[in-house]
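Here is the structure we will look at, set down as structure tokens.
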Amino acid sequence: MSSAVGSAHSPSRRIVVAFRDGERGPAILRWSAERARRTGQSVTLVHAIPDPSLVLPVAAGGTPYRSLVDAARQLMDDEEARAELEYPDVRFASTVHCGEIVDALLGIAENAALVVVGADRVDRRTGEYLGSVGHQVALGSACPVVVLPHDAQALDGGSGGIVVGVDGSPESHAALRVAVVEADRSGHALTVVTSSKGTETADDGPTGDAASQELAGMLDALRASYPEVRISRLTDLERAPDEALKYRASGASLLVIGRHGRGARSGIQLGSVTHKLLLDPQCPVMVITG
């Protein structure tokens with residue numbers, strides 16, 4: 001079993017949640033708390049405020065930054081207290097970070113089971129993405145990262161079970177191993193999706209029939225190890241990998257993907273498929289980082 005599997009499910013490690021604001025933060029916190037209740041893990045909320053060097057005084061003789069810190073701390077205290085009432089069997093903690101949220105999350109992620117962030121916001125007038133927190137955290141995190149969709153219905157998860165994308169790369173195989181554990185724990189069926197169109201190419205594993213046979217062997221082994229999980233394999237002959245996964249993720253409870261696919265420059269950028277899927281997630285997306 002991969003280390004990514006162990007870290008995602010170990011009860012001794014915490015779920016780290018990026019709490020951006022009072023608008024979307026509570027829904028992201030609820031999703032994380034529900035997971036923590038099932039896995040026996042604790043939840044740590046992380047809220048970031050601008051570095052003091054970037055904040056200008058708002059009134060002569062005033063102390064605006066101190067007020068900003070106090071307001072942030074009060075927000076975290078209120079959310080933590082509310083969560084403790086709703087989930088008395090889950091342990092909560094919170095921290096306020098002065099600086100970039102990505103720096104805070106990546107620092108904590110080294111000892112975390114999971115990092116949870118909301119999808120980056122979009123300007124409704126221009127369609128431009130406002131920030132890239134989800135992408136930066138997924139690229140730099142030492143543990144799995146879940147990016148949650150904006151849509152409340154998609155956030156709650158559908159009845160379509162768990163979907164995993166496999167393209168023959170080592171990280172997609174790690175994603176498959178994590179996905180079957182997620183399916184076993186949740187009682188959902190698992191759909192393994194591959195695509196025969198537009199895949200990234202590189203000499204980092206078998207291709208064609210060899211890759212298909214390797215995947216078939218992995219699935220046989222997983223079915224033997226997890227007999228209660230219903231595993232199906234689907235090869236999309238019409239859609240590119242990102243479109244195939246986006247289509248299958250609609251209505252799913254979770255989509256599991258690797259950080260890099262075949263041919264991606266590991267450590268420098270996300271795989272192109274992962275990058276596109278995180279722009280507009282159709283359901284909660286778990287990115288396996290190792």
Sorted largest first, the C-alpha extents of segment 138-181 along its principal axes in whole angstrom are 32, 25, 18
Taking only protein heavy atoms and a 1.4 Å probe, the highest-to-lowest accessible-area order of 23, 243, 34 is 23, 243, 34
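The values are calculated or read from the model by the stated rules, or taken from the named source; none is laboratory data. Bear in mind that the values here come from a model prediction, so they are computed numbers and not experimental data. Protein only, heavy atoms only, side chains kept; ligands, DNA and RNA dropped before computing areas. Shrake-Rupley method; radii C 1.70, N 1.55, O 1.52, S 1.80 Å.
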